[in-house]
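The values are calculated or read from the model by the stated rules, or taken from the named source; none is laboratory data. Just so we're clear, the structure is a prediction, and the values are computed from it rather than from any experiment. With ideal geometry, Cβ positions are generated from the backbone for all residues, glycine too; neighbour counts draw on all protein chains shown. Heavy atoms of the whole protein, side chains included, go into the accessibility calculation; ligands, DNA and RNA do not. Shrake-Rupley method; radii C 1.70, N 1.55, O 1.52, S 1.80 Å.
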Amino acid sequence: MHIERDAEKIAGKDLQSSFRLWIDQIRSFTGFGTVVSGTILSGIIRRDDILYLLPSEKETRVRFLEVHHQKVQQAVAGQRVGINLHRVPLKEVRCGMALAKPGLLSPGYLLNVVLYVLKGATKPIRNRQRVKLYLGASIINAMVVIMEKQQLEPGEKGLVQLRLMKPLAALPKDPFVICPLNVQTVIGGGEVLEIPREKYRKVKAAKIIPYIKALWEKNLKIVVEHLFDSNRNNLVTVGELARDTGFSHTELEAEMRARVKSGQLLYFEGRGFFAKTRYQTLKRQLPEVVEKILTQDPLKMNATAKEIKNQLAPFLDEAPFQRMLAELCNESQLIKTNGGFQISNLSVRLSDEREMLINLLLDYARNSGIVPFSAHTFWKFHKRRTNINEIQRLLDYLHNKKRLICLNNRRFLSPQAMDQIKERVRSLIRKKGNLAIEDCKEVLGYGRTVGIPVLEYLDSIGFTRRQGNERVLRSDSFCRRRGTQSMHAPPARKSP
């Protein structure tokens, strides 16, 4: 009865998690190559699955599987299995290595663990003592760094960082034991709590120890809060949390959904979760960043998404960033323009020198009449005032402000000049029925090289329409402007 009752408390094998296996046997067969064996810790493996050999991180593929000397299509957690590895030489594999699905494990030299010292140990375990670590099928020398005291007495337990002499691919909840370096006697053991990225230092104890204790005590709420504080700009998925903490997908999914419902988290479909307070803080700062970018460069008509993100939070995930932009546009705090974003009613004062150049450019545009001009054309007459790049930027600025018209060859006209061109083109088409390229000299005073960009601009704004090599007025624009029938459509008959 006691055995049955205890057996019911034991968790079953995890089929939902990704596949993982410790290699405890290695063989080579002629015609097949390397075959490794071990007991599947979690997940399911199938023929042709892609696997990583760890810690070498070599990618391989399952050629065939064998369970109890029978070839099978798949094997599941709890089964012993033989795996024929594709293109993995025998010399590259050793006992104690692991096989796992891509993305599950990253080999490292550090483990944060809870260590129990056996009551029967003859000596305490001292801080920075070197031991032999047995984890999975691997045996590695390690240094014990005790976090809260200088030694652990027999029968004591405490938080420890194990610093490994060789990389190991472990996960939270992995059990282990330790022995002295030269004596094959177990003196303690425990469970992996975390795979840290940096060495434990006392100066960081106030931040690190509460989180590790929460993992030890299985306090899910504190663990989740810490992880979102640590990943302030990143989306967090349930899979990542399960991998990093050892909690089950079911527990984490329920916790995440509850936090979304209470308004603590935002969910991005298929991508992960993001802390709502952090989201709101960044969203509030975003318009200020745009204003700063535009104020620093008065000629800049918009701030690109890349510029905004680099100044707001360079490592922010794209999904929350794009949602912020969309919401701010819908709320009219931002205006989306071609290639970037603006602040509505933002007025930025130009320097006196630039204002003077702008006046010169506008005067030059008026004096040029219907003849388009470029930055280089203006610069030739005003070399002493500024460089050509500054002139080009000012011309683009005037175009964005709708004070000049830009043709597709980067030449400019005043709006008044374009009105004159429209009138001349309209008159010729009404007279002839169409306008050909050859008519440019007669109607505009210049040939096809200058005339074609002008005509293409008229096409682009819907004033004219190209038919073969000729232009005609668009019916809707002609009727709207003149209030008459298009000259290409027969007049409507009046009713008797």
Wholly inside segment 7-94, strands (runs of 3 or more DSSP E) that include 2 or more residues that are open to solvent by 60 Å² or more (accessible area, probe 1.4 Å) and over 23 Å from LEU171 (Cα atoms) are 25-29, 58-67, 70-72
Top-ranked residue in segment 14-56 [being more than 32 Å from the chain's Cα centre (by Cα) and of a type in the set (Val, Ile, Thr); ranked as farthest from GLY246 (Cα to Cα)] = THR30
Qualifying residues in segment 294-327 (those that are among the aliphatic types (A, V, I, L, M) and touching a Lys or Arg at 6+ places or on another chain (Cβ under 7 Å)) - the one nearest to ARG232 (Cα to Cα) | LEU316
Quick check: is even one residue across segment 107-126 surrounded by fewer than 17 Cβ atoms within 10 Å (Cβ to Cβ) and farther than 29 Å from THR185 by Cβ?
-> no
Where a residue in segment 216-236 is closer than 22 Å to ASP174 by Cβ and its partner, wherever it lies, is in a loop (DSSP other than H, G, I, E, B), with Cβ under 8 Å and at least six apart = LYS218/PHE247; LEU220/PHE247; VAL223/PHE247
Considering only helices (runs of 4 or more DSSP H) wholly within segment 365-450, the ones with at least 1 residues that are among the small types (Gly, Ala, Ser) are 375-381, 415-432
Looking at (1) modelled with pLDDT of 95 or more; (2) open to solvent by less than 10 Å² (accessible area, probe 1.4 Å); (3) over 18 Å from TYR364 (Cβ atoms), can you tell me which one ILE421 breaks?
-> (3)
Checked segment 318-344 for anything open to solvent by 70 Å² or more (accessible area, probe 1.4 Å), out of contact with any strand residue (DSSP E or B) (no Cβ under 9 Å at 6 or more places or on another chain) and either charged (D, E, K, R) or farther than 17 Å from ARG284 by Cα (or both); matches are GLU318, GLU331, ASN338
Checked segment 305-325 for anything over 24 Å from LYS401 (Cα atoms) and either in a helix (DSSP H, G or I) or at pLDDT below 95 (or both); matches are LYS309, ASN310, GLN311, LEU312, GLU318, ALA319, PRO320, PHE321, GLN322, ARG323, MET324
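Residue-by-condition table, conditions (1) within 30 Å of ASN469 (Cβ to Cβ); (2) open to solvent by 70 Å² or more (accessible area, probe 1.4 Å); (3) modelled with pLDDT of 95 or more:
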| site | (1), (2), (3) |
| --- | --- |
| LEU346 | no, no, no |
| GLU355 | no, yes, no |
| LEU360 | no, no, no |
| ARG385 | no, yes, no |
| ILE391 | no, no, no |
| ARG411 | yes, yes, yes |
| SER414 | yes, no, yes |
